[in-house]
Structures are given as C-alpha cells and as structure tokens.
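*Asks:* Structure provided below as structure tokens; questions to follow.
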Amino acid sequence: MQFDLRKFITTGTRPYHLDFECDLSGRDFSGARVLQPVPVSFDAELDGGEARMTLRAKASVHGECARCLDPVESEETVDVQWTVKQRDLDDPDFDLPLDEAGRLDLEEWLYQEFLFQIPTVLLCTEDCPGLCPVCGRKRGECTCPKQESDAAPIDARLSVLKSLLN
Ligand SMILES: [Zn+2]
Ligand SMILES: [Zn+2]
C-alpha cells in the first residue's frame, strides 16, 4: 500500500483518509508473529507546508514465553503521528520508508512501528518461574527436589512478612 507523500505535500488540498488491511504474517518480530490481517487506519492532513500523518492499528501477536516456551498471545497497538516537511522527502536519513519518488510504503512503515512496539522478550506472566533445570517441566509443576538457585530473594522477603503477621 503506497501513499504519494510528495504529491500530497506539494499539491494536496484536502485531508486524506484510508482504511486498509495489512498482512504481516510473513514478517518476523523478534521471533513473534502477527498471523491475522491487521486493520489499519491512516490519515494525512496539511498544516502549512507540512503533512501531519497518523497511523493506527491493533494486532494480536503470537509468540512464546522466553522462560517456559508456552505460547503467548498479546494485543499490541500502534498509534503514531508524524509531521513531515517537504525537505524531509529529500533527506537520505529520513526515517520513514520512502522511495525516490517520495511515495510512502505504508505496510513497511506499519511493520517498523510494530517492531518497535512489540517487546523483544515475551512472557506468559510477569512472574513466570521458567523451567525446572532438572526435568525441563515448568517449575512448581514437577516434584524434583528444590534447587539451590530457587532460593529467590522474594521468598525470603515473603517469609519475613509471614513471621510479622504471625
Ligand atoms: Zn512462561
Ligand atoms: Zn523438575
């Protein structure tokens, strides 16, 4: 999906709105995937000689927990606004994916924003205990004797609290 940004900045008169679906299923997000098509809303309006563009989308991201490898699904939202001046179009270091003609690749842009948005480390729960180093099952779900490395400081603090309550 392309948006002719140069044309819009130089000759545009009216605000532009576009709803489209974006297929990101072939893209990799640090190991996570966006399997379903993503509904996207794109707006552009002129403000003086600048174009103000808004990109909004919500996707469900499928990955695996970095600690226990269980499947993880999370909702991620992109809601970004960019203001572009005409001279940005000829700036080789400009951050948006533009071609030489000044056309903006909306799918590539969305991909970049989601890549920025999606955590590189996904967890099934904040305090996922991870896997037992002995049997490979989830910690707490196995009957292996407790490992010394399990003596996390949180347990120590909790036992202090307990003794205070008693
Ligand atoms: Zn986990
Ligand atoms: Zn075990």
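*Asks:* Scan the range 128-143 for residues that are away from ligand 1 (no atom under 16 Å from the Cβ) and surrounded by 14 or more Cβ atoms within 10 Å (Cβ to Cβ) and jot them down.
*Replies:* Of everything in the range 128-143, nothing turns out to be away from ligand 1 (no atom under 16 Å from the Cβ) and surrounded by 14 or more Cβ atoms within 10 Å (Cβ to Cβ).
*Asks:* Condition check: modelled with pLDDT under 95, over 18 Å from the mean Cα position of the chain (by Cα) and under 19 Å from Ile9 (Cα atoms). Does Asp127 satisfy that? Talk me through it step by step, then tell me what you get.
*Replies:* Values: modelled with pLDDT under 95: yes; over 18 Å from the mean Cα position of the chain (by Cα): yes; under 19 Å from Ile9 (Cα atoms): no.
Considered against the rule, which asks whether it is modelled with pLDDT under 95, over 18 Å from the mean Cα position of the chain (by Cα) and under 19 Å from Ile9 (Cα atoms), Asp127 comes out as no.
*Asks:* Against the definition (surrounded by 14 or more Cβ atoms within 10 Å (Cβ to Cβ) and within 30 Å of Gly130 (Cα to Cα)), how does Val38 come out, yes or no?
*Replies:* No.
*Asks:* Also, quick follow-up: Sort out which residues of the range 100-127 are more than 15 Å from ligand 1 (Cβ to nearest atom) and part of a loop (DSSP other than H, G, I, E, B), and write them in order of number. Full working, then the answer.
*Replies:* Of all residues in the range 100-127, those more than 15 Å from ligand 1 (Cβ to nearest atom) come to 100-118, 120.
Within the range 100-127, Glu100, Ala101, Gly102, Ile118, Thr120 meet the criteria.
*Asks:* May I ask you to verify whether Val78 is within 15 Å of the chain's Cα centre (by Cα), assigned by TED's automatic domain parsing to the domain that holds Phe20 and β-branched (Val, Ile, Thr)?
*Replies:* Details: within 15 Å of the chain's Cα centre (by Cα): yes; assigned by TED's automatic domain parsing to the domain that holds Phe20: yes; β-branched (Val, Ile, Thr): yes.
It is true that Val78 is within 15 Å of the chain's Cα centre (by Cα), assigned by TED's automatic domain parsing to the domain that holds Phe20 and β-branched (Val, Ile, Thr).
*Asks:* I'd like to know if the range 72-84 contains one or more residues that are of a type outside the set (Val, Ile, Thr), away from ligand 2 (no atom under 16 Å from the Cβ), modelled with pLDDT of 90 or more and in contact with an Asp or Glu (Cβ under 8 Å, 6 or more places away or on another chain).
*Replies:* Within the range 72-84, the first condition is being of a type outside the set (Val, Ile, Thr), and the residues that meet it are 73-76, 79, 81-82.
Still in the running and away from ligand 2 (no atom under 16 Å from the Cβ): 73-76, 79, 81-82.
Then keep just the ones that are modelled with pLDDT of 90 or more; that gives 73-76, 79, 81-82.
Checking the rest, the ones that are also in contact with an Asp or Glu (Cβ under 8 Å, 6 or more places away or on another chain) come to none.
No, the conditions are met nowhere in the range 72-84.
*Asks:* Would you pick out the residues in the range 30-77 that are β-branched (Val, Ile, Thr) and within 16 Å of ligand 1 (Cβ to nearest atom)?
*Replies:* Going residue by residue through the range 30-77, those that are β-branched (Val, Ile, Thr) are 34, 38, 40, 54, 61, 72, 77.
Passing the criteria: Val61, Val72.
*Asks:* Based on this model, can you work out whether Glu113 counts as surrounded by 12 or more Cβ atoms within 10 Å (Cβ to Cβ) and within 19 Å of the chain's Cα centre (by Cα)?
*Replies:* yes
The values are calculated or read from the model by the stated rules, or taken from the named source; none is laboratory data. Fair warning: this is a prediction, and the values are worked out from it, not measured in the lab. Backbone-built Cβ (ideal geometry, glycine too); neighbour counts: all protein chains shown.
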